[in-house]
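Participant: I'd like to ask you about the structure that follows.
The values are calculated or read from the model by the stated rules, or taken from the named source; none is laboratory data. Keep in mind it's a predicted model, so treat the numbers as computed, not measured. Reconstructed Cβ throughout: ideal geometry from the backbone, glycine too, with neighbour counts over all protein chains shown.
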């Protein structure tokens, strides 16, 4: 005989339950397993299972709180069981709907002492109560699958038109005769309010109204019972969604603004693209509801990110951008009055401060991604992009990481149920477009966008969820697109049936205003007055816009840096060196062990000793130079943030900014945060395995505060390929399009060491191609030449060969009177190269970044004897000098390092060409000819040579053209390297007409 032991919290004893043959024959429906399980298996399953035990415990807990809240049979049962009544007596006055009735065996009584036939178990009543509990849970889990979410009534939001058997009463062996029976409500639902039992008909009705009408609530996948219960309360309690008349009038007024704004634009500029909100006008009241509710929870600043659709409406009616400034964007005759290319009107953003009407809190849509809960992000998405763009998943995975969390983002999906022309059944494999949010247990609220009151409720709950739990939440506004992808697109080409239905569907404002009038909330006159008031606002703004003479791009700034540019001389280039005592102090702290109980790895001890030796010998390696740059900025109250994959240690095990205790898990020490008592904070954080999402995050972080050095490092420079969209569309062109500056530093490990493609090249040619410095223009040479170039370029591109120069270029990022992104082709082999070290003297007061490092050897003493002048960049310099020494070409081959490629140091190049006027000129690179810097530097060299009135050609020395970035064969790599190094240091005596052939011939 099978025995099941149950530890009862109420009785404190172990009750042994015997399964009798009679009980084993009684079929019981278990919702959790029944849907995909053969019926024969279900019929054999006893009722003494997990579901029944849960039900008993729920009834008992309810009885403890209030004995009158449960059926009297339960009350009798628990009283008798507590008092130790003999089995069989507890049900004397009423049948007991419990699988445990009559089976509690007093402690010490032998199993089987009481005949099973005398237990008096009413298994039908037990089964029915359990079935009702299963029905309630089924609606909580699957109700959204049958909810009426599509305003057009033609589509299934979850792409599945099939029925859900779990929601049918007959699936639980209940029928019409059972509908008016009264059932006890379990504590797992709040549909009863103050009532503890309802008829089955009322239970089903309430569940359908909550979960199967215009709301589809996905939350039961969340692995947190407290959070599940929290959501249940906010949807299941009776009357929880009711709105006051004042709230309804406010909602209608916002709908009027949203709708009439689009209608005004359509009337004035009928042939213009604007990506309007028609079909989802409720978005504006929804966003304002999120902002109102979040403001009440203490949020005073909002960052809004959104796609094309509805952007102008959001700017006008959420951010309150002056309408005349928006209307100016439709005038093609107006030109931008300030710098930048500008952008189309439906790409632009803004920053604005206003007083929130409901909470009297200051609201500013600004970008400030930090850990403050006073700043909140709202992200808007299209349905096709939400499911189709990988960056959505990459961003979700950042949501709870310590160094990336924004303490909850409210995602609003404008779900048109269509992409450009692609049906959702061809654009995603998941049931919902929002399913990606399930990976982080974010609740998902699907809502019919033509039920504005339901939308208001989910927006309120979403704001409260974010405030309470600090986690992401998704609002899926299931709507439609009244026009095509844009206003001049014909949607009937590809979706004829959908758009026939759309043409027959009244606009939301009409439906909702009629509803309020029918309820007596407003009358026709009040409605017309509200419409006329907003129409007048639009007409006045239109008249004002026609008087404008230029578009002010600066009005579209999304995060102005208050006071940053005030009092700064834009032509002042400050030296980046620091005092000797500062360098010594930083070196000493970086060399010390944490002390106390902290146990350091023996390998780290050797590294710390090496740091101490470097300070003593005044010879600094790459990692030390970087750490000194960071520490010196921290001392000056500049926040430093370094992120990327494995940056704490460094991919090449060179950095070791975070030390780990060898005996205690998660006990770490970061010396850079212990330099000075009042220093700024240093954040170094290993990121997720994402380039696209993380780089985008760091770009936003850098734009929030100009007084922070924000760095992102690719594990290998090649890996930046997967973030190319961020470089192309935002980093390189952000200032030109949106007048937005960023000082983001991007570290891209680069160098040909035989590690094959994908581990050699950061594709320098791509970053150089995006530089906006003119190859044919030589700026006027004056004392401001360098900073003028820096000011006018879109970003800086450097390939340093010394730790000192790397130190200076990092500090220059902060000391410049403006901000531009910095792309660093950072080394791998130079991290430990014995010759790639710098003296502390090169970092002291008065020193600065060297855009170009000239020849420093014997060749510089007698320039007229130099036969070859080699220009190069990066670590190939050290390989060239080694080969030159071996070939004994120290006096007739000069090697010049171009440390800054963009902006190209034309003034310094000219000086080197003048100095070695008799030498042949070559550009040497380790990359292939169609890669690296060659295509960028060649026209610029020609411009400099033309400036000095010479006709000297510039030859190329390096690898041949290739489709791959590098060979994967070590032997081939060595052969290629040896070939161009020997070629670079070989002086060929030939006629001038054969000079250009030198670049492609291999010396014998």
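Participant: Can residue 169 be described as out of contact with any strand residue (DSSP E or B) (no Cβ under 9 Å at 6 or more places or on another chain) and either crowded, with 18+ Cβ neighbours inside 10 Å or in the same structural domain as residue 447 (by TED's automatic domain parsing) (or both)?
Facilitator: Spelling it out, residue 169 is indeed out of contact with any strand residue (DSSP E or B) (no Cβ under 9 Å at 6 or more places or on another chain) and either crowded, with 18+ Cβ neighbours inside 10 Å or in the same structural domain as residue 447 (by TED's automatic domain parsing) (or both).
Participant: Can you pull out the residues in segment 946-965 that are out of contact with any strand residue (DSSP E or B) (no Cβ under 8 Å at 6 or more places or on another chain) and part of a loop (DSSP other than H, G, I, E, B)?
Facilitator: 948, 949, 950, 951, 963, 964
Participant: Output the residues belonging to segment 707-740 that are surrounded by fewer than 20 Cβ atoms within 10 Å (Cβ to Cβ), closer than 25 Å to residue 626 by Cβ and out of contact with any strand residue (DSSP E or B) (no Cβ under 9 Å at 6 or more places or on another chain).
Facilitator: Matches in segment 707-740: 721, 722.
Participant: Give segment 243-268 a look and list any residue that's at pLDDT below 95 and loosely packed, with under 15 Cβ neighbours inside 10 Å, or say none.
Facilitator: 267, 268
Participant: Would you mention how many residues in segment 386-415 are surrounded by fewer than 22 Cβ atoms within 10 Å (Cβ to Cβ) and over 14 Å from the mean Cα position of the chain (by Cα)?
Facilitator: 1
Participant: May I ask you to verify whether residue 940 is within 28 Å of residue 759 (Cα to Cα), surrounded by 21 or more Cβ atoms within 10 Å (Cβ to Cβ) and in contact with a helix residue (DSSP H, G or I) (Cβ under 7 Å, 6 or more places away or on another chain)?
Facilitator: In short, no.
Participant: If you don't mind, another one. Does residue 438 count as at pLDDT 95 or above and in contact with a strand residue (DSSP E or B) (Cβ under 7 Å, 6 or more places away or on another chain)?
Facilitator: no
Participant: Test residue 440 against the stated conditions and say whether it is farther than 23 Å from residue 142 by Cα and under 18 Å from the mean Cα position of the chain (by Cα).
Facilitator: No: the conditions fail for residue 440.
Participant: Turning to a different aspect of this structure: Look at residue 661 and say whether it is surrounded by fewer than 21 Cβ atoms within 10 Å (Cβ to Cβ) and at positive phi.
Facilitator: No, not satisfied.
Participant: Examine segment 856-874 for a residue that is without any contact (Cβ under 8 Å) to a residue 24 or more places away in the chain and over 29 Å from residue 791 (Cβ atoms), and state whether such a residue exists.
Facilitator: Yes, because at least one residue in segment 856-874 is without any contact (Cβ under 8 Å) to a residue 24 or more places away in the chain and over 29 Å from residue 791 (Cβ atoms).
Participant: Please pick out the residue among 507, 478 that is touching a helix residue (DSSP H, G or I) at 6+ places or on another chain (Cβ under 9 Å), more than 13 Å from residue 417 (Cα to Cα) and surrounded by 15 or more Cβ atoms within 10 Å (Cβ to Cβ).
Facilitator: 507
Participant: Identify all residues within segment 421-449 that are closer than 14 Å to residue 220 by Cα, in a helix (DSSP H, G or I) and free of Cβ contacts under 8 Å to residues at least 60 places away in the same chain; write none if there are none.
Facilitator: Matches in segment 421-449: 435, 437, 439, 440.
Participant: Is at least one residue of segment 920-927 over 19 Å from residue 853 (Cβ atoms), buried (at least 22 other Cβ atoms within 10 Å of the Cβ) and touching a strand residue (DSSP E or B) at 6+ places or on another chain (Cβ under 9 Å)?
Facilitator: Scanning segment 920-927 turns up at least one residue that is over 19 Å from residue 853 (Cβ atoms), buried (at least 22 other Cβ atoms within 10 Å of the Cβ) and touching a strand residue (DSSP E or B) at 6+ places or on another chain (Cβ under 9 Å).
Participant: Within segment 462-472, is even one residue buried (at least 22 other Cβ atoms within 10 Å of the Cβ) and closer than 19 Å to residue 157 by Cα?
Facilitator: no
Participant: Something else about it: So for segment 787-798 (the condition being surrounded by 23 or more Cβ atoms within 10 Å (Cβ to Cβ), under 19 Å from residue 618 (Cβ atoms) and in contact with a strand residue (DSSP E or B) (Cβ under 9 Å, 6 or more places away or on another chain)), does at least one residue qualify?
Facilitator: No, the conditions are met nowhere in segment 787-798.
Participant: Answer yes or no: is there a residue in segment 741-762 that is free of Cβ contacts under 8 Å to residues at least 24 places away in the same chain, out of contact with any helix residue (DSSP H, G or I) (no Cβ under 6 Å at 6 or more places or on another chain) and part of a loop (DSSP other than H, G, I, E, B).
Facilitator: Looking through segment 741-762, none of the residues is free of Cβ contacts under 8 Å to residues at least 24 places away in the same chain, out of contact with any helix residue (DSSP H, G or I) (no Cβ under 6 Å at 6 or more places or on another chain) and part of a loop (DSSP other than H, G, I, E, B).
Participant: Could you go through segment 279-296 and let me know if any residue there is part of a helix (DSSP H, G or I), surrounded by fewer than 19 Cβ atoms within 10 Å (Cβ to Cβ) and at pLDDT 90 or above.
Facilitator: Checking segment 279-296: at least one residue is part of a helix (DSSP H, G or I), surrounded by fewer than 19 Cβ atoms within 10 Å (Cβ to Cβ) and at pLDDT 90 or above.
Participant: Give me the residue from segment 172-207 that is within 16 Å of residue 126 (Cα to Cα) and buried (at least 17 other Cβ atoms within 10 Å of the Cβ) and, out of that set, nearest to the chain's Cα centre (by Cα).
Facilitator: Step by step, filter segment 172-207, then rank; the result is 186.
Participant: Something else now. For segment 603-646, name all the residues that are closer than 17 Å to residue 746 by Cα, touching a strand residue (DSSP E or B) at 6+ places or on another chain (Cβ under 6 Å) and assigned to a loop (DSSP other than H, G, I, E, B).
Facilitator: Across segment 603-646, the qualifying residue is only 646.
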